[in-house]
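The block underneath contains the structure these notes are about, expressed in structure tokens.
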Amino acid sequence: MQFNVAICDDEIKETEYIRSLINKYDMEYEVSFHIDIYNSSREFIEIYKTAGQYDIIFLDVEMPGISGLELARNIRHLPDSLVKIIFISNYPEYMQDSFDVQAFNYLTKPLTYPSFSKLISKLIDQINSGRDNIIVLETEHSFVTLPIKDIIYIKTINNSNGMLQYITVDNTFICKGLLSDEEKKLKVHSFISPHRGILVNLLHIHFVKSRDLVLDNGESLPVSRRQEKYIKSIFSKGILTIYH
């Protein structure tokens, strides 16, 4: 399994040093990394247009033009909530600010291999444990990485062309696909099909009223007669609440 890494620091010797630490870890543990180097925060922000491009990003805090903290805010606003951001700086006073952009860690220079190696091991463990809980969508213009828990429901919007709409907690995406394929993948994540052409996440069902599922975003989805018995069996297990 390969991990995609970006290093952004305006000092070339610093980016090359971090690259050497990663390569040393690769040699020691036989982990595959693809590494991209950026010496300009402006260059990086122009290239970083799609969530899921990188698993790990090393950012210098102080860079000319756009600081590492501002760069991280732009990445989070994509939104890319999954990438692991590690700040590197000579100034530990910036550590508190790094919490605002959900940084994985904050390292102070000079870096040493023992501490760096421990950090990489923790990163890999977290990334591997999270990969089973994300889904990658191919939209018309980009690839989007989504936490499965953030998907509220999926519906077919064009059967003949195989187009699906994903409604999430903070966005809506349209991409090609078949609902039957998504149902197979997401069944283990507590997704159910209350009606033909709809797949809904149990985590986002607020309650049931008559034959409608009321979601926590305020929308209602119909329950078919064919699925009514199955839905009621879920209620009987105490997973959902029903209102008549």
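The values are calculated or read from the model by the stated rules, or taken from the named source; none is laboratory data. Note that the structure is predicted; figures quoted are calculated from it, not measured. Methodologically, a virtual Cβ is constructed for each residue, glycine included, from the backbone with ideal geometry; neighbour enumeration extends over all protein chains shown.
Is it fair to say ILE198 is at pLDDT 95 or above and in the same structural domain as ILE152 (by TED's automatic domain parsing)?
Numbers: at pLDDT 95 or above: yes; in the same structural domain as ILE152 (by TED's automatic domain parsing): yes.
The answer is yes for ILE198.
Would a scan of the stretch 74-85 turn up a residue that is over 26 Å from VAL188 (Cα atoms), of a type outside the set (Val, Ile, Thr) and assigned to a helix (DSSP H, G or I)?
yes
Taking the residues in the stretch 65-90 that are among the charged types (D, E, K, R) and under 12 Å from the mean Cα position of the chain (by Cα) as candidates, determine which candidate is farthest from GLU43 (Cα to Cα).
So, considering only residues that are among the charged types (D, E, K, R) and under 12 Å from the mean Cα position of the chain (by Cα), the one farthest from GLU43 (Cα to Cα) is LYS84.
Do the conditions hold for LYS149, that is, is it in a strand (DSSP E or B), charged (D, E, K, R) and within 24 Å of GLU219 (Cβ to Cβ)? Please lay out each step first, then the result.
On the way: in a strand (DSSP E or B): no; charged (D, E, K, R): yes; within 24 Å of GLU219 (Cβ to Cβ): yes.
So LYS149 does not fit the description; no.
In the stretch 45-77, which residues are without any contact (Cβ under 8 Å) to a residue 40 or more places away in the chain, among the polar types (S, T, N, Q) and buried (at least 17 other Cβ atoms within 10 Å of the Cβ)?
Selection gives SER67 alone.
Assess whether LEU203 counts as being more than 21 Å from the chain's Cα centre (by Cα), modelled with pLDDT under 95, surrounded by 14 or more Cβ atoms within 10 Å (Cβ to Cβ) and in the same structural domain as ILE234 (by TED's automatic domain parsing).
No.
For the stretch 192-212, give me each residue that is under 24 Å from ASN133 (Cα atoms), of a type outside the set (S, T, N, Q), touching a residue at least 12 places away in the same chain (Cβ under 8 Å) and not in a loop (DSSP other than H, G, I, E, B).
Of the stretch 192-212, the ones under 24 Å from ASN133 (Cα atoms) are 192-194, 197-206.
Restricting the remaining residues to those that are of a type outside the set (S, T, N, Q) gives 192, 194, 197-200, 202-206.
Keeping just the survivors that are touching a residue at least 12 places away in the same chain (Cβ under 8 Å) gives 192, 194, 197-200, 202-205.
Answer for the stretch 192-212, where residues must be under 24 Å from ASN133 (Cα atoms), of a type outside the set (S, T, N, Q), touching a residue at least 12 places away in the same chain (Cβ under 8 Å) and not in a loop (DSSP other than H, G, I, E, B): ILE192, ILE198, LEU199, VAL200, LEU202, LEU203, HIS204, ILE205.
If you take the residues of the stretch 23-44 that are in contact with a Phe, Trp or Tyr (Cβ under 9 Å, 6 or more places away or on another chain) and farther than 11 Å from ALA6 by Cα, which of them is surrounded by the most Cβ atoms within 10 Å (Cβ to Cβ)?
Among residues in the stretch 23-44 that are in contact with a Phe, Trp or Tyr (Cβ under 9 Å, 6 or more places away or on another chain) and farther than 11 Å from ALA6 by Cα, the one surrounded by the most Cβ atoms within 10 Å (Cβ to Cβ) is TYR25.
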